[in-house]
Amino acid sequence: MLITLLENVNQPSDVKRLTEAQLIELASEIRAFLIESIARTGGHFGANLGVVELTLALHRVFDSPRDKIVWDVGHQAYVHKILTGRREQFPTLRQYKGLSGFPKRSESPHDAFGAGHASTSISAALGMAVARDLSGEHHHVVAVIGDGALTGGMAMEALNHAGHLGTNLLVILNDNEMSISENVGAVSKYLTRLRTDPTYSRAKAEVESALRKLPAIGEKLTKTLEKVKDSMRHLVVPGMLFEGFGFKYLGPVDGHDLPCLIRVLEDAKRLRGPVLIHLVTKKGKGYPSAEDAPDKFHAWPGGSPGKGAPSYSSVFADTLTRLAEADERVVAVTPAMIQGSGLTGFQKKFPRRLYDVGIAEQHAATFCAGLAASGKRPVLAIYSTFLQRAYDQVIHDICIQKLPVLIAIDRAGLVGADGETHQGAFDIAYLRTVPNLTLMMPKDEDELRHMLYTALRLEGPVAIRYPRADGEGVPLDEPMHLIPIGRAEVLREGGDVALLALGPMVGVAMRAADRLATRGIRATVVNMRFVKPIDRPLIVRLAERMPVVTIEEAALAGGMGSAVLETLAEAGVCTPLVRKGLPDVFVEHGSRDELLRAFGLSPEGIEEAAMRAIRATDSSRRVEV
């Protein structure tokens, strides 16, 4: 790949020295660089190809890091990273100890605000703008938000507040008609009307043409022209949502016309008060396959192939489809994650029983509560890290009322390359304290089927967590059956140490038991299955006979191991206990296998933990003697 201009662009000031023709050439080089680089490392593909011209224009017009550029979600910030001195780090993108796939304040002063979740940029940017005003400073603050993220209620709250305050703030709406799935809802339809209304475009052009033929009368004519254009827009575009929020609205603008973008940004820079520029871009621009299938090319996986077994997500979706065939009350709900949750097949079979509510997790949870209150059996398919955003709704709207909502928590545990904002580390800790909720996790993909079958027969809220991973490759031909609530499963008997494992950690514990057997140590291995209610009788019985190791792919603080400790404390049982899980840190990006090894959640790590527990037992016995 021949790169000329890009090799000499190492900071935003380098962009300012280029001509417009050179910037257009640079855009082509950046696309070529992204395609080649992401093919090796994996990463978010379509969104970054779609913002090449926008990012170049931003760094041409504004002065980062003095001027603040705040990216929503952040998975479209690769071009920003390239232009701010991180191009040579791209071979490490999303790799363990390498370059983050999202903006990260600790990584560069040009990353004004970290983000991995949607709908945060306008709130953060408004906070920065107000802080600027309070400090008597005069720099610019820019929020870049996609039309998908605009469906989030938080974005609307921020627009409302910004319009009320009236401070200088530039919001750039990157309208590419996609989040991960195709955008849905009234906001998406409104933006479509703005993009495509031929009446406005034709009428505006005709008015401009007629006025320009009049004898020139200087500045007065220009002002009159602008007023007529504004009036025409009010006449032909219903609602004027953004001006109703108190923003000056500029657009729609072709987001791939670089010279035009630069001029519009320069104009917006001179305006006072909140301004919104509506850009129309193409997700995957410059790569035909990504343009034609933006959902499939949202992110490129990279890395090594999996086990060949079906993923937990696909088993969840296939099982749910079968259960929905037998029970017409079953309804699936997802916040903009049809593809990610594996629900495309469900959607094809039951189009009227699948609801994509957009990036609106709080609404999704309470929407499910309303469905359940009216006799339906809603299943909320949601990622662990996104469920955090609906915590109050889980408590207030679902669990207090004991409504039979099934929360299918995908991406529970380590998700790998997406890093701190996406690791599903906290769901056990924040759900375990909620009354009326049953919380479980399967040891393999077959047990997931039985848990779903069981959950849809319970008269109350249930959460099932499962990882972003391929299954264990076990057979899936067994008829689905009920699992006794709150009962763990002893998979292996031994008298020297008890390994209490949850979810995929059960397989790790079994392999650790094999290693311990070579030392002459006999381990009991337990598939815990339930965190709430937990199997208290079994835990107490085992702890009275031997030391215990708890193993979970979740935060140790408040996790399953904590529940075991509480159980033993309440029973007055004292035994050496070692907890294995995720420590009190935000886990950085890296492959799932690398991170599991780093935290000792490997057969070797569990073997070492078991030896520590046994040594502690021997030590306490010697003291007693």
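The values are calculated or read from the model by the stated rules, or taken from the named source; none is laboratory data. Just so it is clear, the model here is predicted, and its values are computed rather than measured. Every residue, glycine among them, receives a Cβ derived from its backbone with ideal geometry; neighbour counts consider all protein chains shown.
Please verify whether the stretch 529-539 includes one or more residues that are in contact (Cβ under 8 Å) with a residue 60 or more places away in the chain and in contact with a helix residue (DSSP H, G or I) (Cβ under 6 Å, 6 or more places away or on another chain). Yes, the stretch 529-539 contains at least one residue that is in contact (Cβ under 8 Å) with a residue 60 or more places away in the chain and in contact with a helix residue (DSSP H, G or I) (Cβ under 6 Å, 6 or more places away or on another chain). Within the stretch 511-562, the set of residues being touching a Phe, Trp or Tyr at 6+ places or on another chain (Cβ under 7 Å) and among the basic types (Lys, Arg) is empty. Residues in the stretch 1-35 that are farther than 20 Å from Asn48 by Cα, of a type in the set (Ser, Thr, Tyr) and assigned to a helix (DSSP H, G or I): Ser13 only. With respect to the conditions (1) more than 18 Å from the chain's Cα centre (by Cα); (2) buried (at least 24 other Cβ atoms within 10 Å of the Cβ), Leu439 lacks only one, and its number is (2).
Return yes when Thr385 is assigned to a helix (DSSP H, G or I) and farther than 21 Å from Tyr453 by Cα and no when it is not. Spelling it out, Thr385 is indeed assigned to a helix (DSSP H, G or I) and farther than 21 Å from Tyr453 by Cα.
Suppose we keep only residues that are of a type in the set (S, T, N, Q) and surrounded by fewer than 24 Cβ atoms within 10 Å (Cβ to Cβ) within the stretch 131-161. Which one would you say is farthest from His117 (Cα to Cα)? Steps first, please.
Filtering the stretch 131-161 for residues of a type in the set (S, T, N, Q) gives 135, 151, 160.
With the extra rule that they be surrounded by fewer than 24 Cβ atoms within 10 Å (Cβ to Cβ), the set shrinks to 135, 160.
Values: Ser135: 29, Asn160: 20 Å.
Per the stated criteria, the residue is Ser135.
All of Phe599, Phe586 fail the test of being among the aromatic types (Phe, Trp, Tyr) and touching a residue at least 24 places away in the same chain (Cβ under 8 Å), apart from Phe586.
For residues in the stretch 459-504 being part of a strand (DSSP E or B) and of a type in the set (Gly, Ala, Ser), which is surrounded by the fewest Cβ atoms within 10 Å (Cβ to Cβ)?
Initially, the stretch 459-504 is screened for residues part of a strand (DSSP E or B), giving 462-465, 470, 489-492, 497-501.
Checking the rest, the ones that are also of a type in the set (Gly, Ala, Ser) come to 463, 498, 501.
Details: Ala463: 30, Ala498: 28, Ala501: 30.
This residue is Ala498.
Scan the stretch 111-120 and tell me whether some residue there is surrounded by 18 or more Cβ atoms within 10 Å (Cβ to Cβ), modelled with pLDDT of 95 or more and among the aliphatic types (A, V, I, L, M). Walk me through it before giving the result.
Applying the first criterion (surrounded by 18 or more Cβ atoms within 10 Å (Cβ to Cβ)) to the stretch 111-120 yields 111-120.
From what is left, the residues that are modelled with pLDDT of 95 or more are none.
So far as the stretch 111-120 goes, no, none of its residues is surrounded by 18 or more Cβ atoms within 10 Å (Cβ to Cβ), modelled with pLDDT of 95 or more and among the aliphatic types (A, V, I, L, M).
Taking the stretch 272-326 as the range and being surrounded by fewer than 19 Cβ atoms within 10 Å (Cβ to Cβ), more than 20 Å from Ile464 (Cα to Cα) and at pLDDT 95 or above as the test, the residues that pass are Arg272, Gly273, Glu325, Ala326.
Of the set (1) closer than 16 Å to Gly494 by Cβ; (2) surrounded by fewer than 20 Cβ atoms within 10 Å (Cβ to Cβ); (3) not charged (D, E, K, R), all apply to Ile551 but (2).
In the set (1) closer than 25 Å to Ser591 by Cα; (2) outside any helix (DSSP H, G or I), the condition left unmet by His138 is number (1).
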